[in-house]
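We did not get these values from a lab; they are worked out from the coordinates using the rules stated. Since the model is a prediction, treat every value here as computed from it, not as a measurement. Don't worry about glycine lacking a Cβ; one is built from the backbone with ideal geometry, like all the others, and counts go over all protein chains shown.
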Amino acid sequence: MKAFLEFQFPDNSRLLPLDEAKHVAQVLRFLSTIRIKQLSWRERRPYLLVDSLSFTPSGGDVGTLCASGYLRGGPLSANDLVYIPDFGDFRLSKVGIVVFTIQRLSFLPPPPLLD
């Protein structure tokens, strides 16, 4: 457990007991004071939080994978290579934007108007 914590949190690795109520307070105090180091690759490189996937085969193992979701990080270009874990690198054929519309639920009261 200690090796895992040192790997995941190199600056803040500490094992604290949880036997008594005072130990819970120590853990909460420790968690409230640590600073999580920002991952620089998340800001520079694009990554997709996939909401839905569909695969359309075009013969054998070849086909088109359509992924929709939320793009995070940097911009994504159709000229970029995309890495899919356990499958490898692939070239994009196109990148599109899907616009979502939000419908108001009928049982909610309308928001108050500002004067």
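Taking neighbour Cβ counts within 10 Å as the exposure measure, how do Val24, Val62, Val50 sort from fewest upward? Walk me through the numbers on the way to the answer.
On the way: Val24 13, Val62 7, Val50 10.
Going from sparsest to densest Cβ surroundings: Val62, Val50, Val24.
Given N residues in the stretch 41-91, what is Rg(Cα) / (2.2 N^0.38 Å)?
Details: Rg = 12.2 Å, N = 51, 2.2 N^0.38 = 9.8 Å.
Compared with the compact-globule rule of thumb, the stretch 41-91 sits at 1.24.
Set the Förster distance to 30 Å, then compute FRET efficiency between Ala67 and Gln38 from the Cβ-Cβ distance, nearest 0.05.
Details: r = 26 Å, r/R0 = 0.86.
The formula returns an efficiency of 0.70 here.
Explain nothing, just compute: Karplus ³J(HN,Hα) = 6.51 cos²θ - 1.76 cosθ + 1.60, θ = phi - 60°, for every residue of the stretch 53-62 in order, whole Hz, x for Gly and Pro.
Going residue by residue, I get 10, 9, 10, 10, x, 10, x, x, 8, 8 Hz, with x marking Gly and Pro.
Evaluate the distance, in nm, between pseudo-label points positioned 7 Å from the Cα of Phe55 and of Val82 along their respective Cα→Cβ axes.
Result for the modelled spin labels: 1.4 nm.
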